[in-house]
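**Q** Can you keep this structure in mind? I'll have questions shortly.
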Amino acid sequence: MTSTISSSVLSTMNSTSTTAESSTSASDELQDQFLTLLTTELQNQDPTDPMDNSEMVTQLAQISTISSIEDVTSTLEGISGQISASETLQASALVGNGVLIDGNTIQVDDGVTTPFGVTLDSDADSVTVTIKDSSGTVVRTLDEGEMSAGTQSLSWDGLQDDGTTAADGAYTFSISATTDDVAVASTALKYALVTGVTTDSSNAVALDLGGVNENVALSDISLVL
């Protein structure tokens, strides 16, 4: 499998230095213009009515403040660029790997099923998985027993309750988790294969999962398989 990082991602990684240089240039230009105007005023001021020192100090303070703000902005942009570059490297390392994200589907192909999973808010003494076909008919019920809080990957052997192999296609599943007959909050997780790295609508780094509208952020990954 060949994976590529989109040009927009690479552009994000290289934009920091250009932005910092333009910010510094603007600050320097503003200071040069101010000093030029100040020198001209001093040379042409009325000796009987010289420039107010407090006014000059105020103008100098304003220039200093603008310069400081631009320095802070430049620093923050540099940090943001480094974070973005780091996220891009992390994302690219996941290309070709399977991950679990929010969802409740399982794919079956020649009796082979995709992994799936669950995230439990707390420990459960009983976890049951109910798998249904596209018509909503229950084809298999899995008793997973006790399970600790957190994210766990699960599997299905592709067999139905009657022992026959499930037909190819998409299936859905639901999770029932309890402790002492009290429901435990859970989140169903489906399998996806990371095929590339791209950017989302806000130009943030995202993982391309190969399907239509299947781009997710790194934070959306619950488990790397």
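The values are calculated or read from the model by the stated rules, or taken from the named source; none is laboratory data. A quick note: this is a predicted structure, and the numbers were derived from the prediction, not measured. Every residue, glycine among them, receives a Cβ derived from its backbone with ideal geometry; neighbour counts consider all protein chains shown.
**Q** Here are some residues: T172, T187. Which one is modelled with pLDDT of 95 or more and within 30 Å of T88 (Cα to Cα)?
**A** When all the criteria are applied, what remains is T187.
**Q** I've got another one for you. Go through the range 85-138 and give me each residue that's closer than 17 Å to D161 by Cβ and in a strand (DSSP E or B).
**A** I106, V108, T113, T128, V129, T130, I131, K132, V138
**Q** What is the residue count in the range 126-165 for residues that are among the small types (G, A, S) and over 20 Å from D180 (Cβ atoms)?
**A** 7
**Q** What pairs come out if I take residues in the range 147-165 that are at positive phi and assigned to a loop (DSSP other than H, G, I, E, B) and pair them with residues that are of a type in the set (G, A, S) and at pLDDT 95 or above whose C-beta lies under 6 Å away, six or more apart or interchain?
**A** So the pair list comes out as G158/A166.
**Q** Starting from residues that are part of a loop (DSSP other than H, G, I, E, B) and among the charged types (D, E, K, R), keep the ones in the range 170-225 and report whichever is surrounded by the most Cβ atoms within 10 Å (Cβ to Cβ).
**A** My answer is E214.
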